[in-house]
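The values are calculated or read from the model by the stated rules, or taken from the named source; none is laboratory data. Worth saying up front: this structure is predicted, and the values here are computed from it rather than measured. With ideal geometry, Cβ positions are generated from the backbone for all residues, glycine too; neighbour counts draw on all protein chains shown. These area figures cover heavy atoms from the full protein model, side chains too; ligands, DNA and RNA do not enter into them. Shrake-Rupley method; radii C 1.70, N 1.55, O 1.52, S 1.80 Å.
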Amino acid sequence: MKNKSLVSIHDITKDDYEKILNLAEKFEANPRQKILDNFVVATLFFEPSTRTRLSFESAASQLGARVIGFSDASTSSVKKGESLKDTILTVSNYSDVIIMRHPREGSARYASEVSPVPVINAGDGANQHPTQCLLDLYSIRKTQKSLENLHIAFIGDLKYGRTVHSLVIALTHYNTTFHLVSPVELKLPSSVKRFIKEKNLEYHQYTELEEVIPKVDILYMTRIQQERFADSLDYERVKNAYILKNKMLENAKKNLRVLHPLPRVNEITEDVDSNPKAYYFNQAKNGVFVRQAILATILGVNISN
Amino acid sequence: MAKQNIRIQKTNIKLSGSERKELKVSAIENGTVIDHIPPQSVFQVIRILGLDNIPNQIMIGTNLDSQKFGKKGIIKVSNKYFESEEINKIALVAPSATLIVIKDYTVVYKAKVEIPDNIKKIVKCINPNCITNHENIPTKFIVIDKADLQLQCHYCEKITKKEVMNFI
Ligand SMILES: [Zn+2]
């Protein structure tokens, strides 16, 4: 992956995932090593995403890299009508790698084609967010000791949730059994189910959350957004049906962990936070180590164990 | 003339009576004939192949009688041979079309067009939020289903299906 862009989870192999996760473990053991102090990292956020940007900037800074960029297109030349190509070509003169978030789908692929330096996709509209997917895999592997043969439940908006789609596809490499819990309007699209079927893996669909909890190793919660519903009555009907409360975890397996890409609104009540099964804040922390591993890999820098 | 994707059915075909009559009327010495085009697609084929921008002699016929299709269109381009990848683009609008290559008044290749593996420039991405619909970027698709004609955008990864396909 040295000098290559990371645009989509489809670009990398199972072998690549594992190399990144193994390297991330080393960074977790020692996150502050000045191995990137000769590098400049650009973070171009054409739409704001404070959480993702800070995670990347923390990852880069802890490794000694200089970080340049913008956090909102309204404060940059983009607002003056500069084309994406011109912005990328300009910034590539100033940096060794470009981390980019953009509201349009396909923007990161295009940027990677015009940029002379590698591009890391930090979210292109509703399409891809590969570093989120890798940090999810890291969190699952870390809490379950292995990625193989797990029962994983996805809850909430499975239709539009970009993180869900990428993670489901990545998990098809690990003999996962999928438990898909959503309102009928927000079921996992057939374009994603296709990947499960191709590997002959099992999946079960549910509309109720409670019955799935005792069966699974991971509960991956997501937010249901009101704008996904044409009729606000439909939203009212489902909005409270997929809320995880602490007492619902009583019959869960001991190894179960609750993940969420964050930010949450109300889909996990705060009484879950103190349950040792709640893992979503650790998951966000793991994002830093995984992003360090991705930066080091793409920039071709080795670490001394 | 690239040979990949072109099935050679016959060479030096003996012309049957009706074909002989047609070719006599408007035979070309050297060039390419695209036959069996659905009449409603004739002008799309012209545009897709960029025939409106070349200096060659072109004969266009449409609403001609066809035994197989009822009505058909035909385009004859003198002194022009197409790359198979290029000519196969017309399979998107004219899957029934036949490509005939003529050299020295003789049919040297005759093959049905085939849908290619990749489609560049001619189709619009269905996703309104795709970067190709907002910046000056030529579109690019991978054909993921030839029978049902489904194109996956190289950029946004969304699938454009036959029923909603728009041409640039
Ligand atoms: Zn697209």
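Contour minus end-to-end for A:ASN266 and A:ASP37, with contour as 0.36 nm per residue of separation and end-to-end as the Cα-Cα distance? Don't skip to the end; give the middle numbers.
Working: separation 229, 0.36 × 229 = 82.44 nm, distance 4.09 nm.
Difference between extended and current length: 78.4 nm.
Simple point charges give the picture: +1 on the Cβ of Lys and Arg, -1 on the Cβ of Asp and Glu, and for chain A a dipole about the Cα centre of about 500 debye.
Accessible surface of the stretch A:180-277, 1.4 Å probe: 45 percent of it comes from carbon and sulfur atoms.
Subtract the Cα-Cα distance of A:THR207 and A:ASP72 from 0.36 nm times their separation in residues, and report this length gain in nm to one decimal.
Numbers: separation 135, 0.36 × 135 = 48.60 nm, distance 3.81 nm.
So the chain would gain 44.8 nm between A:THR207 and A:ASP72.
Each DSSP beta bridge with both residues in the protein assembly as shown is either parallel or antiparallel, and the antiparallel ones are about 50%. Reducing the stretch B:21-87 and the stretch A:1-76 to their Cα centroids gives an inter-centroid distance of 54 Å.
Give A:LYS197/B:LYS89; A:LYS239/B:LYS158; A:LYS187/B:LYS158; B:LYS71/B:LYS112 a once-over and call out the pairs whose C-alpha atoms are over 23 Å from each other.
Numbers: A:LYS197/B:LYS89 31 Å; A:LYS239/B:LYS158 28 Å; A:LYS187/B:LYS158 17 Å; B:LYS71/B:LYS112 18 Å.
Going by Cα-Cα distance, A:LYS197/B:LYS89; A:LYS239/B:LYS158 fall outside the 23 Å limit.
Straightening the chain between A:SER232 and A:LYS2 buys 78.0 nm, computed as 0.36 nm per residue apart minus the Cα-Cα spacing.
What ranking of B:PHE69, A:PHE27, A:PHE229, A:PHE39 comes out by heavy-atom accessible area, probe 1.4 Å, highest first?
Details: B:PHE69 95, A:PHE27 0, A:PHE229 20, A:PHE39 45 Å².
Descending accessible area places them as B:PHE69, A:PHE39, A:PHE229, A:PHE27.
Across the cross-link table entries A:LYS2/A:LYS199; A:LYS85/A:LYS142; B:LYS72/B:LYS120; A:LYS159/A:LYS247; A:LYS145/B:LYS140, which are compared at the Cα atoms, the separations over 32 Å belong to A:LYS85/A:LYS142; A:LYS145/B:LYS140. The residues of the protein assembly as shown present an accessible area of 47 Å² per residue when probed at 1.4 Å with all protein chains retained. When accessible surface is computed with a 1.4 Å probe, chains B and A are found to bury approximately 1300 Å² between them, both chains counted.
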